Every structure is written in structure tokens, then in C-alpha cells.
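Any read-out appearing in this document is the output of simple, stated calculations on the displayed coordinates, not a laboratory observation. Bear in mind the structure is a predicted one, so any value in this text is a computation, not a measurement. Cβ: placed from backbone, ideal geometry, glycine included. Neighbour counts: every protein chain shown.
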Amino acid sequence: MHYQKKHLFIISIMLFLFSFKTMAQKDYKLWLQYDKKTNAELVSKYFKDVQGIVSLGNTETSKIASNELQLGLQNMLGKDIQVNSKIEGDKNIIIGSKAFLSLEIQKEIGNFEVINDEGFIIKSISIKNKNYIVITAKKDVGVLYGVYNFLRLIQTDKSIKNLNIADAPKTNIRILNHWDNLDRTVERGYAGFSLWNWQKLPGFIDQRYIDYARANASVGINGTVLTNVNANALILTPQYLEKVEALANVFRPYGIKVYLTARFSAPIEIGGLKTADPKDADVANWWKNKAAEIYKRIPDFGGFLVKANSEGQPGPQNYGRDHVDGANMLADAVAPFGGVIMWRAFVYSEHDANDRAKQAYAEFVPYDGKFKDNVIVQVKNGAIDFQPREPFHPMFGAMPKTPLMMEFQITQEYLGFSTHLVFLPKLFQEVLASDTYQKGKGTTVAKVIDGSLTKTKLTGIAGVSNIGNDLNWTGHPFAQANWYGFGRLAWNPELDSEVIADEWLRCTFSNEENFIKPVKDMMIESREAVVNYMTPLGLHHIMDTGHHYGPGPWVSNLSRPEWNPTYYHKADKNGIGFDRSKTGTNATSQYAPEVEKIFDNLETCPEQDLLWFHHVSWDYKLKNGQTLWNGLALKYQEGVNQVKDMQNTWNKTEKYVDADRFKEVQMLLEIQYKEAKWWRDACLLYFQQYSGKDLPAGVEKPTQSLEYFKSLKFPFAPGN
Ligand code: GCW
């Protein structure tokens, strides 16, 4: 008896560990679940169309492509898939770049000029009465992207018959900005610590680095900035460059280049110079030598990302020089190696009494056309700072002679950390689709950054990463969709966020229509929900200080006026909102006349931006007939109701989702619901002091007093 009990005990431990591993894997595997197809009819269809792989290529990248294809097909079809290096027998999936294809197959594929160096073609062809699916490209990295695209067809239950796909990225720098510090903390990070284990690099290559590269390659991300824009010069010392080199070696075959943030004062801090003045010959030389040192280790090093003279970071202005002097000096250093400089336009000064939203434009537009051609200016989507909603940054329509790249924030610094479910591709798409009227109607932000307007070679989109070493990478299972969606939009800035949500759900959870439809709607709605329960009708920057966790519309004691929420909402007994129209700071004049006119006039200004551009009375009549006060209160309530709806939607998905992720999301939605009510109550109680009006019917009474909400302190909120 005793023996039996012990035996049973061991088995139960084994089962638990196995289930833990399976659970862990679900969260860990992101959108590359490759779940076995259960739909018999589908499987029989795919079975016939997939007989085996012919992998033509002799590089690490082609090997990775072949392994990924084999892994995906075997897992999804539940059958053994052989890989050959030449076309023979029944093998019918051919992968390989153009150079490895026979002239006969090349002829069947047709014109390769429809794609660029990172593009791919997937085509069903027939040679001597035998059917093949060919995944090809100009370069191996395109074949890798083609393989992921082909697997996504099967992941999402799409047909693989009569394929004729030609696809290529519309931007050439598709990059994650990791605000990761060398002590492995992540600024504005809510998914654990930084992936980069500097202590163990270069000797220890964590499997996580490889899985990170796989995940990025699967959505076409081809660059990563490993370090925080609040930079640490030490990353440029040999001791760290050796570690960076090891990561670059891991990422390279996945088509991912490594970039670093350059601390402008590095020549002083680690170079022993007395100055970092970009006009000083020794400084320029120091950077030239530093670049040469880096490129010796990493021949395809991408270049530098620079935050200069912003929020206290050092820069050229410390030496009486300007951003052009600083950027161009660095540009000369990396140019011989094909490197680029991404120079951030996120500048504003506590000494500038002008509207903060006007300062970056005022500082950078005069530089238009003055940067070297390997400099690209990185501009945040809005003129303040990654708010739940901002009108598009006016710089996107004002610098036709300068390559501008987008900087989105994937991490949710102002959108609920990794606790709130917010599908950000909805926000990204709204910005990208905004019309700048730079060259008349239709010159959208997407067209400005994909280079189609100015034919610039240098194009790009950056996303501030939401990745950490949490098991599920992003803290919230649905925050994975924001990493995924960022990549898909960087590849094609005109992709629809609903398409992205649909793909991601099918790859990550299930192809069941009864699951997809309601959960996709929930994702699409989630961005409007967070706007409603945090900053409706154009309100912005009313979060609590420092950590930015929770509401703080009352904050007005910070030394920098433009860090105070009261600076932004300007609530008083006469009304609320920031007058940026011609009767106020005239920030609207920084847009093209067609856009200025829309934002300037109360009749045409979109109500979602009303309090961004106008100060209106509490009795101002909204389009729906409500007074501003009632409308504002009802918006806050609507946001809370939307989260409740999200909970109801998710609670009905239990039979489609593994127990662990179902429970995780359920718990997080409950926190989100509580915090939505927190935002609603704190903000309405505070604003009510000025409006002096009662809450309209339909708005729930606050759960606590204003004094209670003001008393809340969070000294250890993450990411700060
Ligand atoms: O969003 C704000 C953040 C800072 C960040 C800064 C920036 C890296 O609060 O944490 O610093 O902007 O974008 O540089």
C-alpha cells in the first residue's frame, strides 16, 4: 500500500509540473501557439496541400525559416513533415530566395521587382503537372517573413490554394525602443525586468533572446534599441559592447539590427574629454572612433537613438549649439558604416512659457532640410506625451524636407500599465490615418512616414516596448496584441486594426467564430473605453505625479508648470479645457490651414478633441444636446460601463480559452473595472468643485470622498 501511495504521489507531481509547463507555454508562446487544427475538414484540406518542404538556401536565416515552417506545419497538422534540400518526390512547399530557384520556377513566379529587399512572394505554381507552393524573395530575410506569413494563413484557417501573394514592408526601420536601464529596471515598464541580462552576457545566451527575435521577425520588426533614451554612457564602453555584440549575433539571422542610445555627454563621462561640444574636433573624432569600435564588433549595427536637451538629458544646446549640430556630428560618425541617427523631437522646456504642445514644432520646423541624409527625426504621435488620445503631432505635416519617423508608446504609461486591456492598434491607426494636408487632401501621417510623399529612403516607425521578463512577456495577455499590432502596422501603416485583432486572436487563442466576434469587438472598443474613463472629450495629462498611476487632476504643486495637470485642464468656475485656438495659444496655426480651420472652430472641432483645443463653459452645448458638465460626467460613466461590458464578454469565453489565461484576464478586468471607477469618481468630484453642478442621472455616485482620492500614495508603483 505504502509503495502504491508513493508512486501515485510522484505521478501527481509529474502531472502538475507538466501542466505548469503547458500553462507556462500558453502564456509564453505569444501568437506563435501553432495549436493543432481540430477541424477535420480543414486538416484534410491542408493535409493534401502540404506534403513536405524543399528548403533551398545555405544561410542561418534560411535554416531558421525552414525550421519554423517545419515546426508550424508539424504542430498545426499533427503530422511529420520532412525537409529536403532539393525538389524530389512529393515535397511540394519550396522555400528559397530567387537565386536558388531554377529558371523554370523563376519564370512561373514572374516579376520580382514588385517587392523590395525585405518583401516576399508566395505563389502556387504547377511544373510538369506537379503542384507546388513557392515562398520566395530577393533575400533570405524575405523568405523568413514569407514563411511566417504562410504559417499565419494556416493559423487563421485561411485557404492555401491558388496563392499569389506579393508583400513588402512600407517602412524600412521597424523598431522597438526599449527604455531598459543597465540595472535591468525598465522605465515605464510593467512586465517585469529587462530581458537583457547584462551580468551574464556575453557568455550566457538566454533562450528568451532567441524567442524574442522569433516573435519580432514573425511580424517584421527589424530593429531594436536595447537601452533607455535616458541613456547611460557605460553601454558604449568595451565591457558592455562585448555584451551588445553577443545579442546582435543572436538577432542578426532573424533580420533584426541592434541600435543603442547615445548619451550626448559620453565623450566626457567615458572619453575623458573636457567637453561634448559637437563643434569640437576632439569630440567629433571621439564619436568617429567610437562608431568604428562598435562597427568592428557589429558590422550591421543600426546606429544611435538620441534624446538630447529634453527633460534634463545632455545635448548640443549645453554648448550653445543646436539639434542640427548635434545630430549631424553623430551622423558623420556612423555614415561610413551605413548607420543612421534617430534624433528625437520630444523637446520642451520649463523655461519656455509657450504652450508645451507648440514647443517641439517651434524648435524643429526651422531645421527642415538641414539634417544629414542619414538622420531621421523621431516624433511622438502627439504633441504632449502618449496620452490616451492626442491630435496628431503638427510636425508630421510641416517638415517635407526631413525624414520623420513615428514614435508610438506600446507600453501603457498613461493607459493603465499592464493591468488595463487596451488594444493600441486602434490608437495607432487613428494617428496614421490622420490627414496632414501637407500636400493637399489624403497626405496622411502614414504617407508622410512611409516616404511615399517625399520619396525619402529613410523611413520608420518606433514603438516604446512593453516587453519584460514576465512569463507572458507583456504583463497582460492582451498587451501581446499591442506588440503584435505595432509590428503589423510598422510593416503596413495602412493596415486596419480590426484585421490585426482578428489575426492575433486566431493565432493566440482560437478560430472559433463565437469567440472571435465578441472578443474582437471588445478589443476594438477598449481604446475608447480608456479614453472615456480617464480623459474624455479632449482632456489630457491629468494623471498623478511621477509614476503616472491613477488620476491626479488636482496636482498643481510641481515646479515645472507644464508637469501639472491643472496646466492642461484649466478647470475654473467658468469652464474647462485648454484654449489652443487662435483666441488662445494658437497651437492650431501649426497645422495646415485646412486642419487649422477644423480644429479652430467649435462647430467643426471633433468633440473628442474639444478640450484639447478649447476652453468652454460648463453649460456649453455638446452636439448631443447635453451640457459640457453632463456630457463629461456621462462619458466617464460610459467608460466604466464599457469595462463592465468587457468583463461580461470575457466571462462568456471560458469554453474557448485555457483555464489559466482565462482566469488571468478575468482578474485583470476586475482590477480595470475598479480603476475605471476610481478615475471617474476622482475626476468628477474634483471638477464638480468648479462646475458646482450635480451628477446627471445615469452616473453612479462616487465610492469615496475627494480627500480620500487625493490622499492615495503609491511610492512603489512600477516603471517610475
Ligand atoms: O513619457 C515620458 C516619460 C518618461 C520618458 C519621456 C521620454 C524616457 O514619462 O519616462 O523618458 O517621456 O519620452 O523621453
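So the values come out like this:
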| quantity | calculated |
| --- | --- |
| The range 254-297-the range 604-636 distance, computed between alpha-carbon centres (Å) | 50 Å |
| Distant-in-sequence amide H partners of Ile173 (H built 1.01 Å from N, under 5 Å) | Thr459, Gly460, Ile461 |
| Bridge type composition, the chain - antiparallel percent by DSSP, nearest 5 | 30 percent |
| Asn84 paired with Gln239, simple spin-label distance in nm, labels 7 Å along Cα-to-beta-carbon | 5.5 nm |
| Under 16 Å from the Cα of Lys307 - aspartates and glutamates, other chains or at least 8 residues apart | Asp180, Glu187, Asp277, Asp322, Asp325, Glu363, Asp385, Glu407 |
| C-alpha center-to-center spacing [the range 543-562, the range 432-452] in angstrom | 34 Å |
| Cα gyration tensor shape for the range 173-508, rounded if a/c is under 1.5, else prolate or oblate | oblate |
| Listed residue pairs exceeding 23 Å between alpha carbons, taken from Lys36/Lys158; Lys29/Lys243; Lys380/Lys457; Lys79/Lys138 | Lys29/Lys243; Lys79/Lys138 |
| Percent RCO, i.e. relative contact order, over the chain, from Cα pairs under 8 Å lying at least 6 residues apart | 11 percent |
| Farthest positive-ward along the range 173-508 dipole, Cα basis, beta-carbon charges - from Phe386, Gln313, Val365 | Val365 |
| Burial ordering of Thr649, Thr224, Thr419, fewest other beta-carbon atoms within 10 Å first | Thr649, Thr419, Thr224 |
| The range 429-566 shape via C-alpha gyration tensor axes, a/c threshold 1.5 | oblate |
| Cβ-placed point charges (K, R +1; D, E -1), dipole of the range 173-508 about Cα centre in debye, nearest 20 | 660 debye |
| Debye, to nearest 20: dipole size of the chain, +1 on Lys, Arg Cβ, -1 on Asp, Glu Cβ | 1480 debye |
| Under 24 Å from the Cα of Lys644 - lysines, other chains or at least 8 residues apart | Lys426, Lys517, Lys520, Lys635, Lys652, Lys655, Lys663, Lys674, Lys677, Lys701 |
| Three-way shape call for the range 625-720 based on the alpha-carbon gyration tensor, with the a/c threshold at 1.5 | oblate |
| Whole-angstrom gap from the range 176-219 to the range 110-126, using each part's C-alpha centre | 33 Å |
| Pairwise FRET efficiency - Lys130 versus Asn230, Cβ, R0 = 60 Å, nearest 0.05 | 0.55 |
| Cα Rg, Dmax, the range 40-167, angstrom units | 13.2, 39 |
| Sequence-distant aspartates and glutamates (8 or more away, or on other chains) whose Cα lies within less than 12 Å of Lys573 | Asp619 |
| Length gained when the stretch Glu670-Lys107 is fully extended (0.36 nm per residue, less Cα-Cα span) | 196.9 nm |
| Nitroxide proxy distance, nm - points 7 Å out along Cα→Cβ at Asn648 and Asn164 | 4.7 nm |
| Karplus (6.51, -1.76, 1.60) ³J(HN,Hα), θ = phi - 60°, over the range 131-144, in Hz, Gly and Pro reported as x | 8, 10, 10, 10, 10, 9, 6, 6, 10, 4, 5, x, 4, 4 |
| Amide H partners (placed H, <5 Å) of Tyr259, local residues excluded | Thr224, Val225, Leu226, Gly302 |
| Semi-axis lengths, Å, the range 353-392, gyration tensor of Cα atoms, sqrt of 5 times eigenvalues | 22, 14, 6 |
| Among Ser349, Met405, Pro493 - extreme Cα towards positive end, dipole of the chain, charges at beta-carbon | Pro493 |
| Among Gln51, Gly460, Leu415 - extreme Cα towards positive end, dipole of the chain, charges at beta-carbon | Gln51 |
| Expected-Rg normalisation [2.2 N^0.38 Å, Cα atoms] applied to the chain | 0.99 |
| Dipole magnitude (debye, nearest 20) for the range 118-199, charges at Cβ of Lys, Arg, Asp, Glu | 600 debye |
| Rounded FRET efficiency, nearest 0.05, which uses the C-beta distance separating Lys570 from Lys713 and R0 of 30 Å | 0.70 |
